[in-house]
Amino acid sequence: MTSKPRQTTESRQAEIIATMVRLSAAHSPADITTTDIANAMSVTQGALFRHFPNKEAIRLGVIDWIEAQLLGELNRASREAPDALAALEAMFMAHVAFAEVYPGAPRLIFGELQQPDASPVKQRVQQLMQRYRALLSTTLATAAEAGLVRRDLDGDSAAALFLGGIQGLVIQAMLGGAATPIQPMAAGVFRLYRDAIKEVA
């Protein structure tokens, strides 16, 4: 009888992270224990701790994964768009699609930002949001220079409204349950956003 090949640390870490994200879609991330993760993977807690020293390290790994996946999608969407205004729409829809595929991801982000203490995980989430805002600010500035949006546009407010629109859609999905599609609503929400920032002819 041949034994099953042992997974590498990298592949096992990826599986642990994916399990944490999946569990977060149905449970409060703060309440998910290493026992819950181990049980969902049909392994022991000791097996988890061979790849991550503690739960905080798992949570940090999850945020690193979210940043790599989400910002990767946003940058790809931006690069493929014909202009900066189209890039904003592509980024908006890419973020919404990401939230639909991985509903646990926004719950993890919101949950960490609501924590009262400045933990390493919360600080890591704040860094992620700063990078996201920097990408938005650059895109909005490019759109303004091209005359695609109002030149007197307040970039910080426009970025906040962009993120707030996505957050509102995610909350709607949470209220409606996992089966609630948000991409159809997202198109309408972005049209309202675009009309608010677009240069008036």
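The values are calculated or read from the model by the stated rules, or taken from the named source; none is laboratory data. Nothing here was measured: the structure is a model prediction, and the numbers come from that model. When we count neighbours, we look across all protein chains shown, and the Cβ atoms used for this are built from the backbone with ideal geometry, even at glycine.
General remarks:
- Selected residue (only one of 83, 117 is more than 21 Å from residue 13 (Cβ to Cβ) and modelled with pLDDT under 95): 117
- Those residues of the stretch 28-42 which are outside any helix (DSSP H, G or I) and of a type outside the set (A, V, I, L, M), in sequence order: 28, 33, 42
- Checked against the criterion of being among the basic types (Lys, Arg) and either within 20 Å of residue 174 (Cβ to Cβ) or in contact with a Lys or Arg (Cβ under 7 Å, 6 or more places away or on another chain) (or both), the stretch 114-122 contains not a single residue that satisfies it.
- Any hit, the stretch 8-20, residues being at pLDDT below 95, over 20 Å from the mean Cα position of the chain (by Cα), in a helix (DSSP H, G or I) and surrounded by 12 or more Cβ atoms within 10 Å (Cβ to Cβ): yes
- Among (1) surrounded by fewer than 14 Cβ atoms within 10 Å (Cβ to Cβ); (2) under 20 Å from residue 57 (Cα atoms) - the single one residue 125 does not satisfy: (1)
- Selection status of residue 37, of a type in the set (Val, Ile, Thr), surrounded by 15 or more Cβ atoms within 10 Å (Cβ to Cβ) and over 17 Å from the mean Cα position of the chain (by Cα): yes
Conditions tested, residue by residue: (1) free of Cβ contacts under 8 Å to residues at least 12 places away in the same chain; (2) outside any helix (DSSP H, G or I); (3) of a type in the set (A, V, I, L, M, F, W, C).
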{"position": "46", "(1), (2), (3)": "yes, no, no"}
{"position": "60", "(1), (2), (3)": "no, no, yes"}
{"position": "68", "(1), (2), (3)": "yes, no, yes"}
{"position": "75", "(1), (2), (3)": "no, no, no"}
{"position": "79", "(1), (2), (3)": "yes, no, no"}
{"position": "86", "(1), (2), (3)": "yes, no, yes"}
{"position": "99", "(1), (2), (3)": "no, no, yes"}
{"position": "107", "(1), (2), (3)": "no, no, no"}
{"position": "111", "(1), (2), (3)": "no, no, no"}
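- Restricting 124, 131 to residues that are within 17 Å of residue 77 (Cβ to Cβ) and touching a Leu at 6+ places or on another chain (Cβ under 7 Å) narrows the list to 131.
- Across the stretch 48-58, a minimum of one residue is classified as touching a residue at least 60 places away in the same chain (Cβ under 8 Å), over 17 Å from residue 18 (Cβ atoms), assigned to a helix (DSSP H, G or I) and not β-branched (Val, Ile, Thr).
- Hits in the stretch 130-155 - residues which are closer than 16 Å to residue 95 by Cβ, in contact with a helix residue (DSSP H, G or I) (Cβ under 8 Å, 6 or more places away or on another chain) and surrounded by fewer than 19 Cβ atoms within 10 Å (Cβ to Cβ): 131, 133, 135, 137
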